[in-house]
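Report on the following structure.
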Amino acid sequence: MTEEELKFFKTLLLEKKGQAHSDLEEFERVSRSDTAQESSEDRSAYSLHMADRGTDAMEREKNLLFAQREGSYIDYVDEALQRVDGGTYGVCRVCEGEIARNRLEAVPTATQCITCKSQADEKKSES
């Protein structure tokens, strides 16, 4: 991979990381506001219906799962940035061939070429 391509992908990865951090902050902000709202509702004269409490709990859990997913994605982006700096970005971990540029543009954190990834997915579906 050329220096210019590595710079392009490093910029792309940094943009993805910034967006993921923004999303993560938003999930945390929503979770904090939901928790604050719940504590103020606990002191109200009216109790919430059990179904409302269940819906609120489900929404909090969903936000937590999204936040965890964003955190994992940030880890993948950091690993990809390390590969860029180490000169191994764009190299398939399985066959050590080159990962196609269009695949890296679509999935900048990819560690396998499309052939190896397809084979791995087929093995998973057979199990």
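Axis angle, to the nearest 10 degrees, between helix 50-86 and the longest C-alpha principal axis of the chain: 20 degrees.
Rounded to the nearest 500, what is the chain's calculated 222 nm mean residue ellipticity when only DSSP H runs of at least 4 contribute -39500 (n - 2.57) each, over all residues? Spell out each step's value before the answer.
Details: 4 runs with 96 residues, N = 127.
Roughly -26500 deg cm²/dmol at 222 nm, from the helical runs in the chain.
Mean separation of Cα pairs under 8 Å and 6 or more residues apart, divided by the residue count, gives the chain a relative contact order of 28 percent. Computed from Cα atoms, the angle from the helix 3-42 axis to the main principal axis of the chain rounds to 10 degrees.
Cβ neighbours within 10 Å, averaged per peptide: list 95-108, 72-85 in order, most packed at the top. Numbers along the way, then the final one.
Working: 95-108: 14.6, 72-85: 16.3.
Highest mean packing first, the order is 72-85, 95-108.
For VAL91, nonlocal amide neighbours, meaning residues 5 or more places apart or on other chains whose placed amide H falls under 5 Å from its own, are ILE99. Note on LEU6 and GLU61: the extension gain reaches 16.0 nm, defined as 0.36 nm multiplied by sequence separation minus the Cα-Cα distance.
For the residue pairs LYS17/LYS117; LYS17/LYS124; LYS17/LYS62; LYS16/LYS117, the C-alpha atoms sit more than 27 angstrom apart in LYS17/LYS124.
The simple spin-label model puts a point 7 Å past each Cα toward its Cβ; for MET50 and SER72 those points are separated by 3.3 nm.
Coordinate-derived values only; no laboratory data. Values in this document were obtained by computation on a predicted structure and should not be read as measured data. Ideal geometry is used to build each Cβ from the backbone, glycine not excepted, and the neighbour counts take in all protein chains shown.
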